[in-house]
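Bear in mind that the values in this text are calculations on the coordinates, not laboratory data. Quick caveat: nothing in here was measured; it's all calculated off a predicted structure. For neighbour counting, all protein chains shown are included, and Cβ atoms are generated from backbone atoms with ideal geometry for every residue, glycine included.
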Amino acid sequence: MIRKAATREAYGEALVELGRVDNRIVVLDADLSTSTRTILFAKEFPDRFFNFGIAEANMMCVAAGLASCGKVVFASTFAVFASGRAYNQFRTSIAYPQLNVKVVATHGGISVGEDGVTHQCVEDIAMMRALPHTNVIVPADGIETKEAVKAIIEWPGPVYMRLSRPATPLIYEEGYKLNGRPLRYKVGDAVKLMEGKDVTIVATGIMVSEALTAAASLEKEGISAAIMNVHTIKPLDESAIVKTAKETGAVVTAEEHSILGGLGGAVAEVLVENAQVPMIRVGIRDAFGESGTTSELLMKYGLTAPDIIEASKRAIKMKK
Amino acid sequence: MTIFDDKRRPHDDEVVAKLNRIALELRRNILIMTTKAGSGHPGGSLSSADIVTALYFHHLRHDPENPKWEDRDRFVLSKGHGCPALYAALAESGYFPEDTLWTLRKMGSILQGHPDMNKTPGVEASTGNLGQGLSVALGIALAGRIDRKKYRVFALLGDGEIDEGQIWEAAMAAAHYKVDNLTAILDLNGIQLDGLTKDIMSLEPVADKWRAFGWHVIEIDGHNMREILDALDRAEHVKYMPAIVIAHTVKGKGVSFMEGQVKFHGTALTEEQLVKALEELKLEAEN
């Protein structure tokens with residue numbers, strides 16, 4: 001049976017654990033603490049939690065003020081609000097002065113499901129990574145989320161971290177291990193999950209587990225795929241991406257985001273300047289989502305292992 | 001050490017006269033720096049010059065030699081375009097030399113077109129996109145509450161600025177959290193970029209709006225130094241709710257041909273106009 005956990009749940013648990021040892025941590029929410037799971041922190045540390053009601057713009061700038069006094073501020077809401085609804089507030093009051101605010105946005109992508117377009121978000125990675133001084137992180141599973149929360153506390157400056165609503169398969173073992181091998185989470189370091197020689201699948205967020213499924217199928221067909229988990233989209237681990245691109249000669253990116261400006265965009269920017277290998281983007285093809293179950297939506301919008309398999313074969317075919 | 005800590009001094013004639021002299025000096029420098037820059041917002045800087053003077057040279061506890069002093073009072077210029085007044089006050093207090101003012105808006109200057117907290121010592125928040133500074137000030141006030149600090153936080157708002165919905169989000173939140181270490185000051189000069197506030201976006205009844213949002217309101221003449229000083233003290237004594245000083249001001253205050261003129265919201269004086277304006281201020285200083 002596949003072990004599953006929602007990254008947002010892991011976030012809520014991590015905040016409580018870290019809140020016990022670091023009293024600089026202050027957590028803010030905008031009437032979604034039950035959903036973003038910051039409610040766990042709110043219950044244990046009511047003096048360091050503030051709910052601002054449905055007012056994201058105010059929340060972002062309050063976060064800036066708290067951070068200017070030495071607090072490590074986590075501000076949470078859904079990705080669609082954390083990015084678009086309060087973009088200028090993040091830009092001017094947080095990114096520009098490089099304040100220590102961690103915007104942790106849950107309900108990224110279309111896996112949000114039945115709530116539909118208004119509560120899904122396919123564009124946040126592109127928007128947030130365009131901002132100077134802003135780091136963008138998308139953990140692959142609940143275990144990596146906990147490591148990421150720990151790491152960004154020690155990483156000074158603005159961070160945008162994107163999490164998901166549904167429970168998704170765990171890739172790592174408890175304590176951030178891979179096949180029994182302990183790993184160390186470092187902001188900005190891509191994690192090579194599998195070595196391979198024919199194509200590299202560069203994935204982020206919930207698409208990492210789809211990539212692993214795809215690689216297993218490809219292997220049966222005699223195709224050897226390397227898998228790279230890019231948990232930090234900015235700063236991007238450019239050297240690791242260039243290296244693996246040169247080694248395998250073809251790249252597929254996979255993200256639960258628009259193919260415009262997200263992981264695919266970021267990888268394409270690096271490759272076009274450093275290693276011109278064939279590359280195919282798996283992602284949402286410039287469309288909004290709709291209401292439906294998570295799995296129906298991922299299938300309709302081309303975000304499954306078969307989509308990655310098909311893209312991998314096309315990329316390999318494009319090799320000269 | 002050069003800590004400014006005059007808050008407890010009585011508001012006698014001597015104090016008021018001294019502050020009025022400083023306000024004239026700030027007005028002079030506001031006009032010179034914006035003309036040298038060739039752009040900027042002199043009108044709203046002049047309307048807030050007396051308020052900024054009362055804060056920096058009487059009411060705020062701050063130390064220009066140690067701008068990051070943990071216990072300092074904090075001033076957030078929410079109406080960031082009014083920064084010439086803030087820069088003039090910071091220079092006059094000793095945060096940086098007066099000469100620096102003449103680099104305003106020029107490449108490489110520590111004095112950006114709108115305030116930058118990382119470039120300018122003494123600037124507490126990067127502002128300029130209107131509507132955000134009151135929220136930032138609220139965050140600073142809440143940090144003071146968590147840390148049990150005694151400092152107070154001040155936010156200066158423009159009247160055009162309060163068109164922004166975020167101001168009212170912050171107003172609601174400050175009242176909800178019973179924040180009483182925060183004083184907002186509204187520079188009610190009646191003019192915004194496109195014209196009179198009453199024509200562009202009606203604010204009245206503005207005092208009632210703040211009361212309805214749970215704030216204690218103090219209304220004053222924003223160019224009467226003693227009234228400003230008294231109001232700042234009264235605001236400090238309000239408990240379990242935030243206080244706002246609604247300061248009735250005149251855009252371009254202090255220069256006859258600038259007063260009440262929309263065009264000086266965002267236009268610097270020409271060299272010729274500057275000469276005339278400085279003469280007026282000089283006469284005022286001699287009287």
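For the range B:12-55, the dipole from Cβ point charges (+1 on Lys and Arg, -1 on Asp and Glu) about the Cα centre works out to 320 debye, to the nearest 20. A Cβ-based charge dipole, computed about the Cα centre of the protein assembly as shown with Lys and Arg at +1 and Asp and Glu at -1, lands at about 1520 debye.
Of all lysines in the structure, the ones whose alpha carbon falls short of 28 Å from that of residue A:186, not counting any fewer than 8 places away in one chain, are A:4, A:71, A:102, A:146, A:150, A:177, A:197, A:234, A:243, A:246.
Using the Cα gyration tensor of chain B, with a ≥ b ≥ c the square roots of its eigenvalues, what is the shape: rounded (a/c below 1.5), prolate (a/b larger than b/c) or oblate (neither)? It comes out rounded by the Cα gyration axes.
In a reduced charge model with +1 at each Lys and Arg Cβ and -1 at each Asp and Glu Cβ, chain B shows a dipole moment near 660 debye about its Cα centre. Reported to the nearest whole Å, the Cα centre-to-centre distance from the range A:240-274 to the range B:159-189 is 46. Neighbouring Cβ atoms from other chains, within 10 Å of the Cβ of residues in B:121-133, number 4 on average.
When a/c is below 1.5 the answer is rounded, else prolate if a/b is larger than b/c, else oblate, so apply that to the range A:1-115 with a ≥ b ≥ c taken from the square roots of the Cα gyration tensor eigenvalues. In terms of gyration-tensor shape, oblate. Determine the percent antiparallel among the DSSP beta bridges restricted to the range A:28-146, to the nearest 5. Bridges in the range A:28-146 are about 10 percent antiparallel.
Using a simple spin-label model with pseudo-atoms 7 Å out from Cα toward Cβ, residue B:118 and residue A:268 lie 3.0 nm apart.
Net charge of the neighbourhood of residue A:303, taken over other residues with C-beta under 12 Å away and scored Lys/Arg +1, Asp/Glu -1, is -2. Look at the stretch B:172-179: the mean tally of other chain Cβ atoms within 10 Å of its residues' Cβ atoms is 3. Positive-end ranking of A:134, A:7, A:50 along the dipole of the range A:1-160, with charges on Cβ about the Cα centre, is headed by A:134.
Count Lys and Arg as plus one, Asp and Glu as minus one, and take only other residues whose Cβ is under 15 Å from that of residue B:107; the net charge is then +3.
If you find the alpha carbon centre of the range A:156-225 and of the range B:39-67, how far apart are they in angstrom? Computed from Cα coordinates, the inter-centre distance equals 54 Å. Each Lys or Arg adds one and each Asp or Glu takes one away; over the other residues whose Cβ falls under 9 Å from the Cβ of residue A:248, this sums to 0.
Beta bridges from DSSP with both residues in the range A:84-200: antiparallel share about 35 percent, rounded to the nearest 5. Specify whether the C-alpha gyration tensor of the protein assembly as shown places it in the rounded, prolate or oblate class, a ≥ b ≥ c being the square roots of the eigenvalues: rounded for a/c under 1.5, otherwise prolate if a/b is larger than b/c and oblate if not. Prolate is the answer for the protein assembly as shown, as a/c is 1.5 or above and a/b outweighs b/c.
With N the number of residues in chain A, Rg(Cα) / (2.2 N^0.38 Å) evaluates to 0.95.
Restricting the range A:104-153 to GluC sites (Glu not before Pro) that sit in a DSSP loop and have at most 15 other Cβ atoms within 10 Å of their own Cβ leaves A:114. Residues B:47, A:239, ranked from the fewest to the most other C-beta atoms within 10 Å, line up as A:239, B:47.
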